[in-house]
1. Among TYR118, TYR31, TYR176, determine the one that fluctuates most according to a GNM of the chain built with springs between C-alpha atoms less than 10 Å apart.
2. If you roll a 1.4 Å probe over the heavy atoms of the protein chains, what accessible area per residue do you get for the chain, in Å²?
3. Using a Cα distance threshold of under 22 Å, what count of lysine pairs results for the chain when pairs must be 8 or more residues apart or interchain?
4. Work out, step by step, the length gained on full extension between GLU134 and VAL35: first 0.36 nm times the residue separation, then minus their alpha carbon distance; give nm to one decimal.
5. Under a GNM of the chain (C-alpha, springs under 10 Å), which listed residue has the highest mean-square fluctuation: LEU154, LEU113, LEU202?
6. Can you list the trypsin sites (Lys or Arg not before Pro) in region 100-148 that are in a DSSP coil and have 10 or fewer other beta carbons within 10 angstrom?
7. Please identify every one of the trypsin sites (Lys or Arg not before Pro) in region 13-88 that sits in a loop by DSSP and has no more than 14 other beta carbons within 10 Å of its own beta carbon.
8. Share of antiparallel DSSP beta bridges in the chain, in percent to the nearest 5?
Amino acid sequence: MSPATPVSTAYASSTQQLQSVLTATGIEKAYRRGVWPARRSLTVLRGADLSLAHGEVVGLVGENGSGKSTLMKILVGALRPDAGTVSYDGRLGYCPQEPIVYERLTCDEHFELFGRAYGMAPEAERRARRAIYESLSFERHAATRSDQLSGGTLSKLNLGLALLADPEVLLLDEPYAGFDFDTYLKFWDLVGQRRQAGRSVLIISHFVTDEERFDRIVQLRDGKTQPRDGKAVA
Ligand SMILES: Nc1ncnc2c1ncn2[C@@H]1O[C@H](COP(=O)(O)OP(=O)(O)OP(=O)(O)O)[C@@H](O)[C@H]1O
Ligand SMILES: [Mg+2]
């Protein structure tokens, strides 16, 4: 599901954030479960802050259930926070943890559909699609329906759809979990190209193996973000 559309007035595409391309401040979120009288509330985020500068590649780490996906859904506007604000410049591309695809559509048809949703001219969409097929090596699956793709190829499609419109900010929720090593390396080539082009990338991961590939790593713990030891603090 991308691109994201702002869902509330708390979200504003801003040209005032000169250094940050995306800024989230004081994000709070609790999930309410059950019905009265057995209603319970689970507080996940307790004032999380996050900012991304132009051309910055940031890792967001934390234990299972620490709220990484919740925070990213709030950043892209798929989920409304209880408190806090999010502002960003330009376009967001979002790659959800669970691919959201249409099982009866082929890869080509997905790109066409998303290209139209992004308002891309057909030729620009086809050019971007070819580049994505090439950089992630899955052109041979162009005419394969998504319900017949392997898990790794489905992850490539999920990532490709987020990349299609060349967003200023790319938000990826565990993008390489299903990738083989060769694809993992291609993924990092792609991230490097985006950094060079001044595009920003936020990558959620359970654990970060290649720390040097990130400019900065942020840890989510007890509902708050903190710089992870050993990496520079922005
Ligand atoms: N829609 C929901 N309704 C109720 N609780 C939810 C919902 N979505 C997430 N949660 C709960 O909120 C907490 C944070 O979930 P979230 O998916 O954000 O964590 P995460 O850090 O992404 O975890 P993982 O590493 O497993 O992907 C978890 O305890 C989860 O069970
Ligand atoms: Mg998650």
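1. Of TYR118, TYR31, TYR176, the most mobile in the Gaussian network model is TYR31.
2. Accessible area per residue, the chain: 50 Å².
3. So the count of such lysine pairs works out to 9.
4. On the way: separation 99, 0.36 × 99 = 35.64 nm, distance 4.98 nm.
Full extension of this stretch gives 30.7 nm more.
5. Sorting by GNM fluctuation, first place goes to LEU113.
6. Details: sites: ARG104, ARG116, ARG126, ARG127, ARG129, ARG130, ARG140, ARG145; in loops: ARG104.
Taking region 100-148 and a limit of 10 other Cβ atoms within 10 Å, the loop trypsin sites (Lys or Arg not before Pro) found are ARG104.
7. Answer by residue number: ARG39.
8. Of the beta bridges lying entirely in the chain, close to 50 percent run antiparallel.
The values are calculated or read from the model by the stated rules, or taken from the named source; none is laboratory data. Quick caveat, the model's predicted, so the values are computed rather than measured. Because the Cβ atoms are built from the backbone with ideal geometry, glycine has one as well, and the counts that use them run over all protein chains shown. All accessible areas refer to the heavy atoms of the entire protein, side chains included, with ligands and DNA or RNA removed. Shrake-Rupley method; radii C 1.70, N 1.55, O 1.52, S 1.80 Å.
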